[in-house]
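Undergrad: One structure coming up, written as structure tokens, with questions to follow.
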Amino acid sequence: MKKLVSILMIGFFLVACNNESKKQIEVTETADLIVTNAKVAVMDDNRTFAEAIAVKDGKVLKTGTSEDILKLKGESTKTFNAKGRTIIPGLNDSHLHLTRGGRFFNAEVRWDGVKTLKRALEMLKEQASRTPEGQWVRVIGGWSPFQFEEKRLFTMEELNEATGNVPTYVLFLYSQGYLNQAGLDALGIDENTKAPEGSRFEKGPDGKLTGVLIAEPNPTILYARIGSLPPLTQEEMENGTKQFYRELNSFGITSGIDAGGGGHKFPKDYTGTKALADAGEMPIRLSYFLFPQNKGAEYEEFTEWMETNEVGHNGEIHLDHGYELEGGGEFLAWSAGDFENFLAPQPLLDRDRPTWRKDLKRIVRLHVDNGWPFRIHATYGETISLMLDVFEEVNEETNGKLASKRWLFDHAETVQEKDLMRIKALNGGIAIQARMAYAGEYFVERYGAEKAEQAPPVKKMMELGLPVGAGTDGTRVASYNPWPALYWLITGKTVGDFQLASKENQLTREEALHLYTKGSAWVSNEETVKGTLEEGMYADFAILSDDYFTVPEKRINDLRSILTVVGGKVVYGSEEFSNLNPPLPEVIPNWSPVKYFGGYQSN
Ligand SMILES: [Zn+2]
């Protein structure tokens, strides 16, 4: 009896202490930042919604009712009223060419979001009128002719009429490029110019060049033109990087995973972002993978990078995981690249690339032996099946070491179910992007509507429990705007509102958001630190311009952030929060299209 009483006494005492310490926490722990009166999507496994969020030391301290959260308010706590708006965890595009996008941002006219071809041509005409001698008008991907009301491409007459004698290059995905006559002349391209294998300069019935460059399917003819355009200065590229990252923040993006890219050499071409990181000014958590540039010498390039760099090493900068090397990819060996050009027949590795297997195997082995994660570009199921042969071999030869490290496929538009099981067996993941939203009409033309219903089979990937991240593959084969990508995941429609995915392969809004937050965090090994607004996670979130969960589907495309927070710090504000915007320098050069048009076009 006595024993029972003392145990009860001790119990009461412990509970009292606990409540007390909680009260003390509640009393002592004050937040750095509080947002009340919101619809906070915590995105935890129970898909909890809260009314308010408190942040401390860059991390989520607590979510709950506004009344509860305000108890954590101290003298120096910043408080914001969301006026009932929706808060989501920061968006994370797990396959975006950020560092390259920033480098070129200030030089490019963005047709992303333009609603009519008429307006698109007007923008070229206007830009041509302010482009100085020696510079070019350029539109480098990120658009689809089906987004235009006119539902068609421009004619070369229209292009030449709009741009006159100002050299102009327009890229449509990695399928076709368009040079006006002034551009052909400036590059010295004529009827005798030889096109790289697997591509051609289109000729008209008169045997004269039309200005159309066709990848069949090899896009080198398109890349090479981009590389031959006059570069911006270092200062202008750094400025463009700031402008681009601010643009991404304006959509609610707080993290991005860089997939390297052609014509983008590490470390030489990463200086814009590196300068931001070294200055402690990164407004986005950026993880990056390295993409070899020298066909046939990729092994040597990776070996050198592995000797001089550490993966997963978080540079001594202001933001945890703010600028971090992740591993190799999205290309490992050029001979294993299958492009993504649905206007041309797909390459078949065993038929078209005799050395691909040997090239890829030794580079994958190099990654495994050095403990480097890797990601690999693969659009077609046929490519993935073959690559899995190589990965299974390497895994066998290394006693399961490949499966012990993080690795993933990118894209996987036509991956087969049997191969999803093989990926799972090797502990691999998949990062999918909204490329079909920009090229789906052409995919259906070539492969049929039925195949497009499951391209990629996202729902099946999730049902099999595979780690899946989402993104755009911006800035060239899709726009970098995340909202048309979420619209595509939810509705299965292109930016031209063409129906692709079957009902079974369409995601709920929560499922799509999950892939674009926590799902993507898996790609950089960060799903334990960000992607939801649970206590202790990075305080990366956005207050949205409208309620993502209830707004009519079509208007998902128009969503924006009005307040974006990374690590508890405001990186972007608009409407009543616009005075919180960190300073941003004037756009340079003064003829930059971004200075006059901005980035994504909403009209
Ligand atoms: Zn790719």
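Undergrad: Given the options Trp407, Trp372, name the one that is away from the ligand (no atom under 16 Å from the Cβ) and surrounded by 20 or more Cβ atoms within 10 Å (Cβ to Cβ).
TA: Only one candidate qualifies: Trp372.
Undergrad: Suppose the filter is surrounded by fewer than 23 Cβ atoms within 10 Å (Cβ to Cβ) and either within 31 Å of the chain's Cα centre (by Cα) or closer than 26 Å to Pro345 by Cα (or both); does Ala195 pass it?
TA: yes
Undergrad: Just name the residue that is farthest from Asn341 (Cα to Cα) out of those in the stretch 216-238 that are assigned to a helix (DSSP H, G or I), of a type outside the set (Asp, Glu) and open to solvent by 10 Å² or more (accessible area, probe 1.4 Å).
TA: Once the filter is applied, the top-ranked residue is Gln234.
Undergrad: Of the conditions (1) outside any helix (DSSP H, G or I); (2) open to solvent by less than 20 Å² (accessible area, probe 1.4 Å); (3) at negative phi; (4) not basic (Lys, Arg), Gly211 fails just one. Which one is it?
TA: (3)
Undergrad: Could you figure out which of (1) at pLDDT 95 or above; (2) more than 20 Å from the chain's Cα centre (by Cα) isn't true of Asn603?
TA: (1)
Undergrad: Next question. Out of Arg446, Arg422, Arg435, report the one residue that is away from the ligand (no atom under 15 Å from the Cβ), more than 13 Å from Leu466 (Cα to Cα) and of a type in the set (D, E, K, R).
TA: Arg446
Undergrad: Further, regarding this structure: Can you spot a residue in the stretch 384-392 that is closer than 18 Å to Ser524 by Cβ and either of a type in the set (Gly, Ala, Ser) or over 23 Å from the mean Cα position of the chain (by Cα) (or both)?
TA: So far as the stretch 384-392 goes, no, none of its residues is closer than 18 Å to Ser524 by Cβ and either of a type in the set (Gly, Ala, Ser) or over 23 Å from the mean Cα position of the chain (by Cα) (or both).
Undergrad: Being more than 14 Å from the ligand (Cβ to nearest atom) and touching a Gly at 6+ places or on another chain (Cβ under 6 Å) is the filter here, so list the residues in the stretch 322-354 that pass it.
TA: Tyr323
Undergrad: Still on this structure: Select from the stretch 323-353 the residues that are in contact (Cβ under 8 Å) with a residue 60 or more places away in the chain and touching a Leu at 6+ places or on another chain (Cβ under 9 Å) and list them in ascending order.
TA: Within the stretch 323-353, Glu324, Glu326, Gly327, Gly329, Glu340, Asn341, Phe342, Leu343 meet the criteria.
Undergrad: Okay, next question. Find all pairs meeting these conditions: Cβ atoms under 6 angstrom apart; at least six residues apart or on different chains; first residue within the stretch 366-381 and farther than 13 Å from Gly327 by Cβ; second residue charged (D, E, K, R) and near the ligand (Cβ under 9 Å from one of its atoms).
TA: Pairs found: His377/Glu330; His377/Asp410; Thr379/Glu340.
Condition check ((1) open to solvent by 20 Å² or more (accessible area, probe 1.4 Å); (2) closer than 28 Å to Leu222 by Cα; (3) within 15 Å of the ligand (Cβ to nearest atom)) across all residues:
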position: Gly261; (1), (2), (3): no, yes, yes
position: Asp278; (1), (2), (3): yes, no, no
position: Glu298; (1), (2), (3): no, yes, no
position: Gly312; (1), (2), (3): yes, no, no
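Undergrad: Mind counting the residues in the stretch 440-465 that are open to solvent by less than 10 Å² (accessible area, probe 1.4 Å) and within 20 Å of the chain's Cα centre (by Cα)?
TA: Matching residues across the stretch 440-465 total 6.
The values are calculated or read from the model by the stated rules, or taken from the named source; none is laboratory data. These figures come from a predicted structure and were not determined experimentally. All Cβ positions, glycine included, derive from the backbone under ideal geometry; neighbour counts span all protein chains shown. When the accessible area is computed, the model is the full protein with side chains, heavy atoms only, and any ligands, DNA or RNA have been set aside. Shrake-Rupley method; radii C 1.70, N 1.55, O 1.52, S 1.80 Å.
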